[in-house]
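Engineer: The following block contains the structure, expressed as structure tokens.
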Amino acid sequence: MINETYAISEGVQEDMATDKKGEKFLLQLAPDLKRELPVVTHAGTTRRVASFVMLGDVELNERCAQLLIDRFRANGLLKKFDMLVALEAKGIALVHVTARILGYPFFVVVRKSVKRYMINPLMVPVTSITSVGEQTLVLDGLDAERIKGHRVCLIEDVIATGGSVMAACDLIRYAGAEVTVIATVLLKGDFDDPRLIYLQKPPM
């Protein structure tokens, strides 16, 4: 996800993205669905990006979920999956609304750290352009059993390089499931995959 906000403690603020100029980018996802996004500079780089955060925006999650479902229907994809999976954390609200609209009783979340309550978790390493160092994607063993044998639609809010998405695909495959659709609201970067569906590819 291209607009990751770093969790910080006092003394490590150099890891944060900065927004000094007050520059905005107007994102229009539908004729009546627009958001002004702050343009930030990634920490330690000169890379400026429009920061897109769906968490907390109820209307945005509701509308984007419906827009993605409309794309699924238009492309004949609704029959290609029977399970929804999201990556922690900003895609969770989006997949929740998508599951509710489609009538799915549950969905699965790929976590970014091992929790003490997990049973026999599956793990794969991943390097993200928005995080410091290598991360680990984790699937609780109970969730691994839940998705086994299913065809999965993997949902993200933003995809940039696709590193996290492809690592999640590997993790899901290790669990005995198959990712048949990859869906995102925004595509930022050069990631390409025949399974990919997205709403918009903004210039920044």
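Engineer: Taking the stretch 49-81, which residues are more than 18 Å from the chain's Cα centre (by Cα) and surrounded by fewer than 16 Cβ atoms within 10 Å (Cβ to Cβ)? First the steps, then the outcome.
Structural biologist: Residues of the stretch 49-81 that are more than 18 Å from the chain's Cα centre (by Cα), as a first pass: 70, 73-80.
Matches in the stretch 49-81: ASP70, ARG73, ALA74, ASN75, GLY76, LEU78, LYS79, LYS80.
Engineer: From the residues in the stretch 36-47 that are surrounded by 14 or more Cβ atoms within 10 Å (Cβ to Cβ) and out of contact with any Asp or Glu (no Cβ under 8 Å at 6 or more places or on another chain), which one is farthest from LEU94 (Cα to Cα)?
Structural biologist: Start the filter on the stretch 36-47 by keeping residues that are surrounded by 14 or more Cβ atoms within 10 Å (Cβ to Cβ), which leaves 37-43.
Next, only the ones that are out of contact with any Asp or Glu (no Cβ under 8 Å at 6 or more places or on another chain) stay: 37, 42.
On the way: LEU37: 18, HIS42: 25 Å.
Restricting to residues being surrounded by 14 or more Cβ atoms within 10 Å (Cβ to Cβ) and out of contact with any Asp or Glu (no Cβ under 8 Å at 6 or more places or on another chain), the top hit is HIS42.
Engineer: Filter the stretch 36-76 down to the residues that are touching a helix residue (DSSP H, G or I) at 6+ places or on another chain (Cβ under 7 Å) and closer than 17 Å to LYS201 by Cα, then identify the one that is modelled with the lowest pLDDT. Break it down into steps so the answer makes sense when it comes.
Structural biologist: Going residue by residue through the stretch 36-76, those that are touching a helix residue (DSSP H, G or I) at 6+ places or on another chain (Cβ under 7 Å) are 43, 54-55, 61-62, 64-66, 68-69.
Now restrict to residues that are closer than 17 Å to LYS201 by Cα: 54, 64-65, 68.
Values: MET54: 92, CYS64: 97, ALA65: 98, LEU68: 98.
Looking at residues that are touching a helix residue (DSSP H, G or I) at 6+ places or on another chain (Cβ under 7 Å) and closer than 17 Å to LYS201 by Cα, I get MET54.
Engineer: Please identify the pairs in which a residue from the stretch 132-155 that is of a type in the set (Asp, Glu) has its Cβ atom under 6 Å from the Cβ atom of a residue that is surrounded by 20 or more Cβ atoms within 10 Å (Cβ to Cβ) and modelled with pLDDT of 95 or more, counting only partners at least 6 apart or on another chain.
Structural biologist: Partner pairs satisfying both residue conditions: ASP143/VAL108.
Engineer: Something else about it: Please determine whether any residue of the stretch 88-101 is over 21 Å from ILE172 (Cα atoms), under 17 Å from the mean Cα position of the chain (by Cα) and in a helix (DSSP H, G or I).
Structural biologist: Filtering the stretch 88-101 for residues over 21 Å from ILE172 (Cα atoms) gives 97, 100-101.
Now drop any that are not under 17 Å from the mean Cα position of the chain (by Cα), which leaves 97.
Those still in the list that are in a helix (DSSP H, G or I) too: 97.
Yes: one or more hits.
Engineer: Quickly run through the stretch 148-204 and pick out the residues that are among the β-branched types (Val, Ile, Thr), crowded, with 17+ Cβ neighbours inside 10 Å, in contact with a Phe, Trp or Tyr (Cβ under 8 Å, 6 or more places away or on another chain) and not in a strand (DSSP E or B).
Structural biologist: Scanning the stretch 148-204 gives a single hit, VAL165.
Engineer: Hey, can you tell me all the residues within the stretch 74-106 that are closer than 24 Å to GLY176 by Cβ and aliphatic (A, V, I, L, M)?
Structural biologist: LEU77, LEU78, MET83, LEU84, VAL85, ALA86, LEU87, ILE92, VAL95, ALA99, LEU102
Engineer: Here is a further query. Just to be sure before I move on: is GLY103 over 20 Å from LEU60 (Cα atoms) and at pLDDT 95 or above in the structure I sent? Give the steps one after another, and end with the answer.
Structural biologist: Details: over 20 Å from LEU60 (Cα atoms): no; at pLDDT 95 or above: yes.
No: the conditions fail for GLY103.
The values are calculated or read from the model by the stated rules, or taken from the named source; none is laboratory data. What you see is a predicted model, and the numbers here were worked out from it, not measured in a lab. Glycine also receives a Cβ, built like all others from the backbone with ideal geometry; neighbour counts cover every protein chain displayed.
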